[in-house]
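Undergrad: I'd like to ask you about the structure that follows.
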Amino acid sequence: MSLIVQKYGGTSVGTPERIRNVAKRILETQQAGHQVVAVVSAMSGVTNKLIELAAAVTGEEADPTEREMDVLLSTGEQTTIALTAMCLNSMGSKAVSLTGAQAGITTDGVHTKARISTISPEEVHRLLDDGNIVILAGFQGQTPDGKITTLGRGGSDLTAIAMAAAIDADLCQIYTDVDGVYTCDPRVVKDAQKIDEISYDEMLEMASSGTKVMQSRSVEFAKKFGVVFQVRSSLNNNPGTTVREETMSMESVVIRGVSLEREQAKVTITSVGDQPGTAGKIFGAISDANINVDMIVQNVSVSKCDTTDISFTVHKNDIAKAEAALAPVLSEIGDGVKVEARDGIAKLSVVGIGMKSHSGVAAEMFAALSSAGVNIEMISTSEIKITVTVAEDQIEEAANVVHSAFNLAQ
Ligand code: ADP
Ligand code: ASP
Ligand code: MG
């Protein structure tokens, strides 16, 4: 008998029929002789709808308090656990739903992006040992003093991986609406190929650069605790993608995949004094406001010595928050400092651990983009990733030309 954690995403539980399909799959897993913890997301569209409702009652200007946002958002998953457990019980099986708090998931107090601090899985074990299927709400936990928290968008992946680590599961399966992790989003690049095996580091770089099939924090967690997991479809039995520590054979592939991320904005601060401490002040203010910054580019101005321009990317929804966070530090970082923000950009990345030992990848990527008339605005690199920003309306074309330049369809 194995202990299996399965996670079913929003589309997989998006309708009553889909919930019945999921319940059937969970039941078949138990009937094959396994103990099952099934983590479920909110039905597709529900989390977005709840966010819209919050905006509708608070108005454009006032942000809803994040404590209440979490009380609201957690209801999406709470609905699904009850429906899935009910459905399983109607099929004659024993299933019990648990919220994150009931399952012993404790987090820090950063509402809407909380981090899991501990998991006390005694109740999960007790229910499993009693012959139950445990249906666990994804994306949520509670602080030590009992406040409901959520784990950031896509956070049900994290619930599944963290619970798999906490109960030392034999298998962790992430069921979604595609057959696995592809060389690029199959909705954008029609001839993208399913990847059989990918390393944690590659999956992490892809996830953090827009490949939303896995939440990046969940991959970080899996790497840290060595949780091997599969990504596969809830609609068929095709083998999926296995995500694990890198192996020698993985390095022979130079580029594993291409990621894209839309709805980005570029914030530029001009005429920043070129002295120690200025970047620290800027990004300290941004981080205190809990804004995720991604690419950062700084260059000393040749024409105006002693000053530099600093640009970084944020999600376009964070522009106003970033401007507000920067306002109090502007006078401290130079005379005549200005902030300009512009949306309408997207990021395109190529990822592969084989890049460590191959040169010329950047040149090949840039040549492919230029042949399609795509202008590159910002560039950043890591050991296994190259990211550029391009105009958002060219991102699909850019993804396709880069995908074919690296022969990823073969
Ligand atoms: P779930 O609701 O199951 O969590 P998500 O919508 O979060 O599913 O993630 C699945 C989606 O991720 C797919 O429908 C696909 O469009 C998108 N996606 C983006 N990049 C990739 C990729 N490289 N491989 C597979 N899917 C991808
Ligand atoms: N329901 C949450 C979201 O839409 C969590 C998840 O689906 O993983 O982001
Ligand atoms: Mg998801």
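Undergrad: Can you list the lysines whose alpha carbon is less than 23 Å from that of residue 194, not counting same-chain residues fewer than 8 positions off?
TA: Result set, ordered by chain and number: 7, 212, 223, 347, 356, 385.
Undergrad: Now for a separate question. When the expected Rg is taken as 2.2 N^0.38 Å, what fraction or multiple of it is the alpha-carbon Rg of the chain?
TA: 1.05
Undergrad: Then there's this: From the backbone phi of the range 398-403, what are the Karplus-calculated ³J(HN,Hα) couplings (6.51 cos²θ - 1.76 cosθ + 1.60, θ = phi - 60°) in whole Hz, Gly and Pro given as x?
TA: 4, 4, 5, 5, 5, 4
Undergrad: So if the hydrodynamic radius of the range 207-329 is defined as the Kirkwood radius over C-alpha pairs, what does Stokes-Einstein give as its diffusion coefficient at 10 °C and 1.306 mPa s, in µm² per second?
TA: 89
Undergrad: Students often check this: by mean Cβ neighbours within 10 Å, which of 33-46, 384-397 ranks highest, and how do the rest follow?
TA: With the highest mean Cβ count within 10 Å placed first, the list reads 33-46, 384-397.
Undergrad: Moving to a separate point now. Kindly give the semi-axes, whole Å and largest first, of the ellipsoid equivalent to the range 59-134, taking each as the square root of 5 times a Cα gyration tensor eigenvalue.
TA: Each semi-axis is the square root of five times an eigenvalue, giving 30, 18, 5 Å.
Undergrad: Over the range 302-349, consider all pairs of different Cα atoms and compute the Kirkwood hydrodynamic radius from their mean reciprocal separation; express it in Å, one decimal.
TA: 12.7
Undergrad: Same structure, new question: Run the paramagnetic zone check for residue 56: 7 angstrom along Cα to Cβ, then residues of the range 65-82 with backbone nitrogen under 20 Å.
TA: Answer for this model: 65-66, 68-80.
Undergrad: Once the convex hull of the C-alpha atoms of the range 1-159 is built, how many Å³ does it hold per residue, rounded to a whole number?
TA: 98
Undergrad: Just name one of 11, 268, 280: the one whose Cα is farthest towards the positive end of the charge dipole of the chain (beta-carbon charges, Lys/Arg +1, Asp/Glu -1).
TA: 11
Undergrad: Now for a different question. Return the whole-Å distance between the Cα centroid of the range 339-406 and the Cα centroid of the range 74-148.
TA: Result: 40 Å between the Cα centres.
Undergrad: In addition: Cβ neighbours within 10 Å, averaged per peptide: list 241-250, 346-355 in order, most packed at the top.
TA: 346-355, 241-250
Undergrad: Full extension from residue 298 to residue 381: what is 0.36 nm times the residue separation minus their Cα-Cα distance, to one decimal in nm?
TA: Result for the pair: 28.5 nm of gain on full extension.
Undergrad: A further question follows. Can you check what the net charge comes to around residue 174, using other residues whose Cβ is under 11 Å from the Cβ of residue 174 (Lys, Arg +1; Asp, Glu -1)?
TA: So the surrounding residues net to +1.
Undergrad: How much length is gained on full extension from residue 306 to residue 71, taking 0.36 nm per residue of separation minus their Cα-Cα distance?
TA: 79.7 nm
Undergrad: Provide the percentage of antiparallel DSSP beta bridges, counting only those with both residues in the chain; round to the nearest 5.
TA: Roughly 60 percent of the beta bridges in the chain run antiparallel, per DSSP.
Undergrad: Tally Lys/Arg at +1 and Asp/Glu at -1 over every other residue whose Cβ is under 15 Å from the Cβ of residue 92; what's the total?
TA: Overall, the nearby charge balance is +2.
Undergrad: Taking the Cα centre of the range 1-55 as origin, work out the dipole magnitude from +1 charges on Lys and Arg Cβ and -1 charges on Asp and Glu Cβ, in debye rounded to 20.
TA: 60
Undergrad: In debye, nearest 20: dipole of the range 249-402 around its Cα centre with unit charges on the Cβ of K, R (+) and D, E (-)?
TA: 200
Undergrad: Also, I was wondering about something else. Whole-Hz Karplus ³J(HN,Hα) for the range 110-122, in order, using 6.51 cos²θ - 1.76 cosθ + 1.60 and θ = phi - 60°, x for Gly and Pro?
TA: Going residue by residue, I get 7, 4, 6, 9, 5, 9, 6, 9, 9, 10, 10, x, 4 Hz, with x marking Gly and Pro.
Undergrad: Could you work out the relative contact order of the range 288-367, using alpha carbon pairs under 8 angstrom and six or more residues apart, expressed as a whole percent?
TA: About 20 percent, as a whole number.
Undergrad: Expected output is a single nm value to one decimal: the length gained when fully extending between residue 110 and residue 391, i.e. 0.36 nm times separation in residues minus the C-alpha distance. What is it?
TA: 97.9 nm
Undergrad: So, one more: Leaving ligands, DNA and RNA out of it, rank 318, 70 by accessible area with a 1.4 Å probe, largest first.
TA: 318, 70
Undergrad: Okay, moving on. Show me the three semi-axes of the equivalent ellipsoid for the range 266-410, from the C-alpha gyration tensor (sqrt of 5 times each eigenvalue), largest first, rounded to whole Å.
TA: Three semi-axes, in Å: 32, 16, 14.
Undergrad: Can you list residues whose amide H is under 5 Å from residue 274's amide H, if they're 5+ apart or on another chain and H is modeled 1.01 Å from N?
TA: The list, which skips near neighbours in sequence, is 307, 308.
Undergrad: Tell me, what ³J(HN,Hα) does each residue in the range 192-206 have, in order and in whole Hz, if you take phi through Karplus 6.51 cos²θ - 1.76 cosθ + 1.60 with θ = phi - 60° and put x for Gly and Pro?
TA: Each residue's phi maps through the Karplus curve to give 4, 10, 6, 9, 6, 9, 9, 7, 3, 5, 5, 4, 5, 5, 5 Hz.
Undergrad: If you don't mind, another one. Let's see if you can work this out: charge +1 on each Lys and Arg Cβ, -1 on each Asp and Glu Cβ, no other charges. What is the dipole magnitude of the chain about its Cα centre, in debye to the nearest 20?
TA: 860
The values are calculated or read from the model by the stated rules, or taken from the named source; none is laboratory data. Model, not experiment: these values are computed from the prediction. Cβ coordinates were reconstructed from backbone atoms using ideal geometry, including for glycine residues, and neighbour counts include every protein chain displayed. For accessibility, only protein heavy atoms count, side chains too; no ligands or nucleic acids. Shrake-Rupley method; radii C 1.70, N 1.55, O 1.52, S 1.80 Å.
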